[in-house]
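The values are calculated or read from the model by the stated rules, or taken from the named source; none is laboratory data. No experiment lies behind these values; they were computed from the predicted model shown. Cβ sites come from the backbone with ideal geometry, for glycine too, and all protein chains shown count toward neighbours.
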Amino acid sequence: MRSDSTALAVRIFLVVVLAGGWLAGLVAQRAGVDATGYMDITPPLMLLGMGLCALGGALVRTIVVTGRRARDGVLGGIATLATIVAGYLVLMIAYWDRFDTSEGGETWWSLLLESWFWVGVPLVVSGILGGLGWLAVDALDRLAARPARSP
């Protein structure tokens, strides 16, 4: 970043946006459960999660000072996904008694068979988005560091 105060302001902004987006997703998921009775993840919540993963990579770029690599942004995106999944698990435990599991649906065996997809795809997508967020902040930082052209 150009100056220490600018870097600090960007870090604070990204943390506030990440926290606000995470809480907005939690409130929206809870409202959806209350309205429908299902713990479905809607497309707007998926888009919010994708944006948060990109912001996670961008935040890593502003925090890591030495040895900056795009793979750090990938890990930031995956870490953001991990916080989203952890929040979803807490919400699922909170609503455990609301759902009737005798109706069928997903079983532990079918979940195991599909786990490669339900784990692998989100990890890859969040990693890519975190890397893209890291690259975007890196490109902005390089533009800011470029000397001004004289006429």
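Among the residues of the stretch 55-74, the ones that are more than 20 Å from PHE13 (Cβ to Cβ) and free of Cβ contacts under 8 Å to residues at least 60 places away in the same chain come to 3 in all.
Beta carbons closer than 6 Å, at least 6 apart along the sequence or on distinct chains, pair a first residue in the stretch 75-94 that is in contact (Cβ under 8 Å) with a residue 60 or more places away in the chain with a second that is part of a helix (DSSP H, G or I) for THR80/LEU52; THR80/CYS53; THR80/GLY56; ILE84/GLY49; GLY87/LEU26. Among the residues of the stretch 29-51, those identified as touching a residue at least 24 places away in the same chain (Cβ under 8 Å) and assigned to a helix (DSSP H, G or I) are GLN29, ARG30, VAL33, LEU48, GLY49, MET50, GLY51.
In the list VAL65, VAL16, which residue meets the criterion of being part of a loop (DSSP other than H, G, I, E, B) and exposed (fewer than 12 other Cβ atoms within 10 Å of the Cβ)?
Numbers: VAL16 fails: part of a loop (DSSP other than H, G, I, E, B).
Result: VAL65 is the single residue among VAL65, VAL16 that is part of a loop (DSSP other than H, G, I, E, B) and exposed (fewer than 12 other Cβ atoms within 10 Å of the Cβ).
The listed residues are ALA86, ALA58, ALA54, ALA7, and the only one of them that is assigned to a helix (DSSP H, G or I), loosely packed, with under 14 Cβ neighbours inside 10 Å and out of contact with any Cys (no Cβ under 9 Å at 6 or more places or on another chain) turns out to be ALA86. Does ASP100 qualify as being charged (D, E, K, R), at pLDDT 90 or above and either under 19 Å from VAL15 (Cβ atoms) or exposed (fewer than 15 other Cβ atoms within 10 Å of the Cβ) (or both)? Here the answer is no, as ASP100 does not meet what is asked.
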